[in-house]
1. Just name the residue that is nearest to L16 (Cα to Cα) out of those in segment 275-304 that are open to solvent by 30 Å² or more (accessible area, probe 1.4 Å) and β-branched (V, I, T).
2. In segment 403-417, how many residues are touching a helix residue (DSSP H, G or I) at 6+ places or on another chain (Cβ under 7 Å) and either within 20 Å of R335 (Cβ to Cβ) or open to solvent by less than 10 Å² (accessible area, probe 1.4 Å) (or both)?
3. So, in segment 182-215, of the ones that are at pLDDT 95 or above and among the acidic types (D, E), which residue ends up farthest from the chain's Cα centre (by Cα)?
4. When you go through (1) modelled with pLDDT of 90 or more; (2) open to solvent by 20 Å² or more (accessible area, probe 1.4 Å); (3) not in a strand (DSSP E or B) one by one for Y434, which number turns out not to apply?
5. What is the number of the single condition among (1) surrounded by 13 or more Cβ atoms within 10 Å (Cβ to Cβ); (2) modelled with pLDDT under 95 that S392 does not meet?
6. Can you work out which of the residues in segment 6-60 that are without any contact (Cβ under 8 Å) to a residue 24 or more places away in the chain and over 24 Å from A95 (Cα atoms) is surrounded by the fewest Cβ atoms within 10 Å (Cβ to Cβ)?
7. Please work out which one of (1) modelled with pLDDT under 95; (2) more than 26 Å from H96 (Cβ to Cβ) is the condition K218 fails and give its number.
8. When both residues are 6+ apart or on different chains and their Cβ atoms are under 7 Å apart, which pairs have a first residue that lies in segment 231-245 and is open to solvent by 70 Å² or more (accessible area, probe 1.4 Å), and a second that is assigned to a helix (DSSP H, G or I)?
Amino acid sequence: MSELPDFGLGYPGTDLRRRLVAAVLAGEKTATAGLGDEEERSQLGDRFALYDEDERVVGVVEVTEARVIPAREIDLEFARDEGEGFESVEDWRVAHENFFERPIDGDTPIVAVRFRLVERRVPDLGGNLPVSPEPPSPGPLTRTRRSAAASRPLRVWIDMTASAHVLVFRPLIELLRRRGDEVEVTAREYAQTLQLLELHGIEAEVIGRHGGRSRLGKARQLWSRLHALRRWARGRRFDVALAHGSHELTLTAHRLGIPSSTTFDYEFAWLQHQLGCRAATRVVVPETIPPDRLARYGAVPPKLLQYPGLKEEYYLADFECDPHVLDPWPIDPARVLVVLRPPPDVSLYHRHSNPLFPRTLDALGRDEGVHAVVLPRTEEQREFVRSLDLPSVILPERAVDAQSLIALADLVVSAGGTMNREAAALGVPVYTTYGGRLGGVDETLIREGRLVPLTDPRALDLRKRVAGGDGRVRRDPAQLLGLLLSAYAAESTASTSEP
């Protein structure tokens, strides 16, 4: 029993897991589905531990059928057997598109699993799998601790789970430490996060790594990282915790009674925000995101706070271009310098990936009038680009000063959000190849002419950029920090107003 893997329904600490597990225990849910090109395959007779939302084992299930079929073969009987109230196959498809955050068409391979409940466990009677010992949550800070905290530096916890988070928090960490606050940083091993932390001289405790493409892999990594973060943060007496979309931080902080703030600038990461926003004390986003798009995550005033402009205009406020960033490569100043950033897909050659970026990379990489500097997100992407052996491609081996590269570029082509917005903030022409639903920030940049959607590589305006005013907007990062720290102030106010 102690070696059984987690069945992985939903994610730990969520209402979705509570509902799905309850349906299994009630006999209403006897089927589940995953993506066939991502999901680890179950076999007939495999047994799994059924964890509830508090990570206690409440049962054991056994696989009675496991098939990989195209989505068009999912019938109403299977949809209903998933126990989630689906009244049509279309209901099933829409719900699973929202969960997996990608489209499902008739050809999408689906792992269709049927199972039965073979054992029921009662956690209070000690029948659950071994878990890390968990002392009672300290709950909200007491009035005595709040009063003491008001006269001493704050203890701040920041969690970084992606490369862009290092850039966002660098000036905020400097501001906090300059005013005497104590800052501790945790980080996940993913993409170039650790290299950028080293580049900017920020020490961090490395906890966990990315779970890959598999839903089960992601669920296991989330479960493991939540436990590890809780063990690490417990007893450190943090006053406030800050994240840029790290739902692991807000879930852990909520469990430990630490007020937290999360910030992000793309509103359609459904699962991430369902987890992160509901657990957070404050949600801080740009004014260009319509508030009604955030209400479904429980992010409404006073929890919801909004700031003007782009987050990049805050963390690039003190940025000055390093003219030597191009020195490692033989750059011909007559050629058009293009900086490219791949999409966030773990694999560029995945058959469900947007083909536009590979086409654009191929066109620019063969253009003798271009230097195409590619900044991969992962080692897998780096190896793929290297294997193409395109003559005009420049491929840095490690994390570089991407902001200086952008500032010196004639144009930027990016499938991700942060580099697009950095280019817009620095006044550099930028094209987006993003194939998903546009968020409020990108919608605004496109209306303002600061971001151009690209549908064909031949539409790129490959010309040398004329030197002149940089067109930059610089905003005070202290304003953004104040909004994030309002989570601490909110908890303080609530505590001191208690009878």
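1. V300
2. Residues meeting the conditions: 5.
3. Among residues in segment 182-215 that are at pLDDT 95 or above and among the acidic types (D, E), the one farthest from the chain's Cα centre (by Cα) is E182.
4. With (1) modelled with pLDDT of 90 or more; (2) open to solvent by 20 Å² or more (accessible area, probe 1.4 Å); (3) not in a strand (DSSP E or B) applied to Y434, the lone miss is (1).
5. Of (1) surrounded by 13 or more Cβ atoms within 10 Å (Cβ to Cβ); (2) modelled with pLDDT under 95, only one is false for S392: (2).
6. Q43
7. The failed condition is (2).
8. Close Cβ pairs (under 7 Å, with a partner that is assigned to a helix (DSSP H, G or I)) amount to R234/L256.
The values are calculated or read from the model by the stated rules, or taken from the named source; none is laboratory data. Model, not experiment: these values are computed from the prediction. With ideal geometry, Cβ positions are generated from the backbone for all residues, glycine too; neighbour counts draw on all protein chains shown. All accessible areas refer to the heavy atoms of the entire protein, side chains included, with ligands and DNA or RNA removed. Shrake-Rupley method; radii C 1.70, N 1.55, O 1.52, S 1.80 Å.
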